[in-house]
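Notes follow once the structure below has been shown.
The values are calculated or read from the model by the stated rules, or taken from the named source; none is laboratory data. Keep in mind the model is a prediction, meaning the values are calculated, not measured. For neighbour counting, all protein chains shown are included, and Cβ atoms are generated from backbone atoms with ideal geometry for every residue, glycine included. Ligands, DNA and RNA are stripped out before the accessible areas are found, and what is left, the full protein with its side chains, is counted by its heavy atoms. Shrake-Rupley method; radii C 1.70, N 1.55, O 1.52, S 1.80 Å.
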Amino acid sequence: MRVANSTPEQGLTYAGAGVDIDAGDALVDAIKPLAASTARPGADVALGGFGGAFDLKAAGFQDPILVSGTDGVGTKLKLAIDSAILDTVGIDLVAMCVNDVLAQGAEPLYFLDYFATGKLEPGAGAKIVSGVAEGCRRAKCALIGGETAEMPGMYRDGDFDLAGFVVGAAERGSLLPRLDDMKPGDALIGLASSGPHSNGYSLVRKVIEHAGLKGTSEAPFAPGQSLHEALLTPTRIYVEALLPLIREGAIKGLAHITGGGITENTPRMLPKHLDFEVDYDAFERPAVFKWLQGAGNIAESEMRRTFNCGIGMIVCVDADTAPGVCQRLNDQGEPAWIIGHVKAK
């Protein structure tokens, strides 16, 4: 009679179970120069230890408050996986995190990423992390560490997931929003998005299916690009444009327009006794949203509470300073419009 749990003739190994330590080491070696390219005052970004250190004093802070955030990329990853375009979703990952801490008035300082997959392919992993490094360079924050998890049986072949973690800082007393300073009549400035950013992609994928298109089809809203290429345009990062204005005290509040759109995110920066009004005709709605709405027969109310509709960040400023702030942003190549105002509830 055969014993079911008899000892195998050859000893079991971790690699035989689906986890390749050598592949993990190869990926770490590949991303070391990517991390080094994100070095900034306060961080030496040397990978390989059990944790990453950051020197707040070297970064120029005197009495800092730390602000942290975490996020992912959502089902936009499915488009990246299906198209094998892997070098942009890392930018999305950083953007979703750093724009959030920026909305609290904090300068993003350092970033860590979590990359999980069923079977580690160092080449694909390096492409993904190259996007993370590019996002960190755009946000002026250091990539000081992360985790790569190879988990056979947890993911189908080729599938992976990403999570990001950012820590920022602001001097004590300078955090946003400045609720006590907000008043009816304050202006709302909208900064242009680069498209859907990283929100609403479950609905985007349904629209593609409903329209009978493939990812390789030419994008109806972006001639010369495939649908996948156009829809994988990375999320805009607003750190470089807005941080100087925050430090000058020109900004009273910021709303990062993510899932929930302008409708749900703008109230998060306002005191309870104030409301807001936005003119949706005051800014340019990118062609991708017009196509999504038409191809999916999506109601306007659904568009506004699912997508950013062309505005990635809303800035609250004094009405008198709004034209100057808007002009300054436009001069930096950051398209911006006065799109509304604060009002009494």
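The single condition from (1) modelled with pLDDT of 95 or more; (2) open to solvent by 10 Å² or more (accessible area, probe 1.4 Å) that residue 314 fails is (2).
For every residue, the table says whether it meets (1) modelled with pLDDT of 80 or more; (2) under 28 Å from the mean Cα position of the chain (by Cα); (3) surrounded by 13 or more Cβ atoms within 10 Å (Cβ to Cβ).
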{"residue": "5", "(1), (2), (3)": "no, no, no"}
{"residue": "18", "(1), (2), (3)": "no, no, yes"}
{"residue": "27", "(1), (2), (3)": "no, yes, yes"}
{"residue": "34", "(1), (2), (3)": "no, yes, yes"}
{"residue": "78", "(1), (2), (3)": "yes, yes, yes"}
{"residue": "81", "(1), (2), (3)": "yes, yes, yes"}
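Output the residues belonging to segment 67-109 that are under 18 Å from residue 133 (Cβ atoms) and among the acidic types (Asp, Glu). Result: 71, 87, 92.
Residues of segment 95-109 that are crowded, with 24+ Cβ neighbours inside 10 Å and either in a strand (DSSP E or B) or free of Cβ contacts under 8 Å to residues at least 60 places away in the same chain (or both): 108, 109. Has segment 252-262 got at least one residue that is farther than 21 Å from residue 194 by Cα and touching a Cys at 6+ places or on another chain (Cβ under 8 Å)? Yes, segment 252-262 contains a residue that is farther than 21 Å from residue 194 by Cα and touching a Cys at 6+ places or on another chain (Cβ under 8 Å).
Does residue 88 meet the test of being closer than 30 Å to residue 190 by Cβ, polar (S, T, N, Q) and either surrounded by fewer than 24 Cβ atoms within 10 Å (Cβ to Cβ) or modelled with pLDDT of 95 or more (or both)? Here the answer is yes, as residue 88 does meet what is asked. Among the residues making up segment 172-224, those that are acidic (Asp, Glu) and either within 30 Å of residue 322 (Cβ to Cβ) or in contact with a Leu (Cβ under 7 Å, 6 or more places away or on another chain) (or both) are 180, 181, 186.
Within segment 164-172, is even one residue surrounded by fewer than 24 Cβ atoms within 10 Å (Cβ to Cβ) and of a type outside the set (A, V, I, L, M, F, W, C)? Yes, that holds for at least one residue. In segment 110-161, the residue that is nearest to residue 240 (Cα to Cα) out of those that are within 21 Å of the chain's Cα centre (by Cα) and part of a loop (DSSP other than H, G, I, E, B) is 140. Close contacts from segment 232-253, counting a first residue that is within 22 Å of residue 307 (Cα to Cα) and a second that is open to solvent by less than 10 Å² (accessible area, probe 1.4 Å) and acidic (Asp, Glu), with Cβ to Cβ under 7 Å and a gap of 6+ residues or different chains, come to 234/92; 235/92. Of all the listed residues (164, 135), the sole one being in contact (Cβ under 8 Å) with a residue 24 or more places away in the chain, within 19 Å of residue 85 (Cβ to Cβ) and in contact with a Ser or Thr (Cβ under 8 Å, 6 or more places away or on another chain) is 164.
Does residue 302 satisfy the condition of being acidic (Asp, Glu), open to solvent by 40 Å² or more (accessible area, probe 1.4 Å), under 29 Å from residue 166 (Cβ atoms) and in a helix (DSSP H, G or I)? The answer is no for residue 302. Candidates are the residues of segment 50-76 that are assigned to a loop (DSSP other than H, G, I, E, B) and among the β-branched types (Val, Ile, Thr); the one that is surrounded by the most Cβ atoms within 10 Å (Cβ to Cβ) is 73.
When you scan segment 320-329, do you find a residue that is in contact (Cβ under 8 Å) with a residue 24 or more places away in the chain, under 30 Å from residue 211 (Cα atoms) and hydroxyl-bearing (Ser, Thr, Tyr), even just one? Checked segment 320-329: no residue is in contact (Cβ under 8 Å) with a residue 24 or more places away in the chain, under 30 Å from residue 211 (Cα atoms) and hydroxyl-bearing (Ser, Thr, Tyr). Yes or no: residue 305 of a type outside the set (S, T, N, Q) and farther than 22 Å from residue 275 by Cβ? Considered against the rule, which asks whether it is of a type outside the set (S, T, N, Q) and farther than 22 Å from residue 275 by Cβ, residue 305 comes out as no. Once segment 198-226 is narrowed to residues that are open to solvent by 70 Å² or more (accessible area, probe 1.4 Å) and among the polar types (S, T, N, Q), the residue that is farthest from residue 261 (Cα to Cα) is 216.
Just to verify a result, which residue in segment 272-283, among those that are touching a residue at least 60 places away in the same chain (Cβ under 8 Å) and surrounded by fewer than 16 Cβ atoms within 10 Å (Cβ to Cβ), is farthest from residue 183 (Cα to Cα)? It comes out as 282. Listed by position, the helices (runs of 4 or more DSSP H) enclosed by segment 166-271 that each have at least 3 residues that are of a type in the set (A, V, I, L, M, F, W, C) are 201-211, 227-231, 239-247. Annotation: residue 175 fulfils all but one of (1) surrounded by fewer than 21 Cβ atoms within 10 Å (Cβ to Cβ); (2) at pLDDT 95 or above; (3) farther than 30 Å from residue 249 by Cα; the unmet one is (3).
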